[in-house]
1. Between residues in the stretch 23-51 that are within 18 Å of ILE157 (Cα to Cα) and residues that are hydroxyl-bearing (Ser, Thr, Tyr), which pairs lie under 6 Å by C-beta distance while being six or more apart or on different chains?
2. Using beta carbons and a limit of 9 Å, which pairs, at least six apart or on different chains, have the first residue in the stretch 181-207 and in contact (Cβ under 8 Å) with a residue 24 or more places away in the chain and the second one among the hydroxyl-bearing types (Ser, Thr, Tyr) and outside any helix (DSSP H, G or I)?
3. Are any of the residues in the stretch 52-62 without any contact (Cβ under 8 Å) to a residue 60 or more places away in the chain, crowded, with 18+ Cβ neighbours inside 10 Å and over 30 Å from TYR189 (Cβ atoms)?
4. Taking VAL129 and the conditions (1) of a type outside the set (Phe, Trp, Tyr); (2) under 24 Å from LEU164 (Cα atoms); (3) in contact with a helix residue (DSSP H, G or I) (Cβ under 7 Å, 6 or more places away or on another chain), which numbered condition does it fall short on, given that it satisfies the others?
5. Find the residue count for the stretch 117-133, including only residues that are part of a helix (DSSP H, G or I) and surrounded by 15 or more Cβ atoms within 10 Å (Cβ to Cβ).
6. From the list LEU10, LEU14, LEU47, LEU79, exactly one residue is at pLDDT 85 or above, assigned to a helix (DSSP H, G or I) and either more than 30 Å from VAL129 (Cα to Cα) or in contact with a helix residue (DSSP H, G or I) (Cβ under 6 Å, 6 or more places away or on another chain) (or both). Which is it?
7. Looking at this structure, is THR166 of a type in the set (Ser, Thr, Tyr) and surrounded by fewer than 19 Cβ atoms within 10 Å (Cβ to Cβ)?
8. I'd like to know if the stretch 96-116 contains one or more residues that are surrounded by 15 or more Cβ atoms within 10 Å (Cβ to Cβ), basic (Lys, Arg) and modelled with pLDDT of 90 or more.
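The values are calculated or read from the model by the stated rules, or taken from the named source; none is laboratory data. Quick caveat, the model's predicted, so the values are computed rather than measured. Every residue, glycine among them, receives a Cβ derived from its backbone with ideal geometry; neighbour counts consider all protein chains shown.
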Amino acid sequence: MFSEENVQLLTSILREDLVQAIGETLVMTFLPTLLAFVIGIPLGVLLVTGEERGIRPLPRVLMQALNVVINLLRSVPFLILLVVVLPVSRFFVGTAVGTRAIIVPLTIAAFPFVARLVETSIREVDQGVIEAAQAMGASPMQIVCKVMLPEAKPALISNVTVALITIFGYGAMAGVLGGGGLGAIAINYGYYRRRELVMWVMVILLIVLVQIFQSTGNFITKRSDKRIR
């Protein structure tokens, strides 16, 4: 594993490709996470407020259809979804290969997961607080914006970390089908060419990034939780 050829290849990758690969990895992590929350937060709120005993009940057929669509998208393995959605990526970004192309399937894979995380976070809010807001005459939108989301903030921030790490893992897997970043180097140079040293160094870098995400998320969650101040 530590042959001169392997060491030279690793040195070349670290010198020429590492910065770009880390940048691509971060883009494939943060941008889909942001887009997934833009879509997932309204859906998660709707799953709670639109149910039969919610603050703004919606037709049962609509709620059942929404739950079915979210569950179906969540049940498809990411690599299969990636293959299916690549033509959509080609339509939107003009290519099915590279970092830009992977943003679309990553977002589609992530937003149903995020919607469920948001739903779970909001369900943890004390029902008494919501009932008090209703008794004071607050509208459904005011309850959502001024009660539900602020009260659920620590759980939401914690779930941002969960989503971020999950999408990070999806992005690493995307290297199998033309994605970029550290995962692509690990697969293309390490696995396919049987350069175990390159593969293990990339895996270690991926682990370090996950630990950074998790530690930062834990710190922000604790700072935002008024119960532990």
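1. PRO32/THR107; LEU35/THR107; ALA36/THR107
2. LEU197/SER3
3. Keep residues of the stretch 52-62 that are without any contact (Cβ under 8 Å) to a residue 60 or more places away in the chain, which gives 52-54, 57-62.
Going one step further and asking which of them are crowded, with 18+ Cβ neighbours inside 10 Å, we end up with none.
Taking every residue of the stretch 52-62 in turn, none turns out to be without any contact (Cβ under 8 Å) to a residue 60 or more places away in the chain, crowded, with 18+ Cβ neighbours inside 10 Å and over 30 Å from TYR189 (Cβ atoms).
4. With respect to (1) of a type outside the set (Phe, Trp, Tyr); (2) under 24 Å from LEU164 (Cα atoms); (3) in contact with a helix residue (DSSP H, G or I) (Cβ under 7 Å, 6 or more places away or on another chain), VAL129 is out only on (2).
5. In the first step, residues of the stretch 117-133 are kept if they are part of a helix (DSSP H, G or I); the result is 117-123, 127-133.
Those still in the list that are surrounded by 15 or more Cβ atoms within 10 Å (Cβ to Cβ) too: 117-122, 130, 133.
Qualifying residue count, the stretch 117-133: 8.
6. On the way: LEU10 fails: at pLDDT 85 or above; LEU14 fails: at pLDDT 85 or above; LEU79 fails: at pLDDT 85 or above.
Within the list LEU10, LEU14, LEU47, LEU79, the selection yields LEU47.
7. Working: of a type in the set (Ser, Thr, Tyr): yes; surrounded by fewer than 19 Cβ atoms within 10 Å (Cβ to Cβ): no.
The answer is no for THR166.
8. Initial filter on the stretch 96-116 (surrounded by 15 or more Cβ atoms within 10 Å (Cβ to Cβ)): 96, 98-116.
Within this subset, residues satisfying the condition of being basic (Lys, Arg) are 100, 116.
With modelled with pLDDT of 90 or more added as a condition, the list becomes 116.
Yes, that holds for at least one residue.
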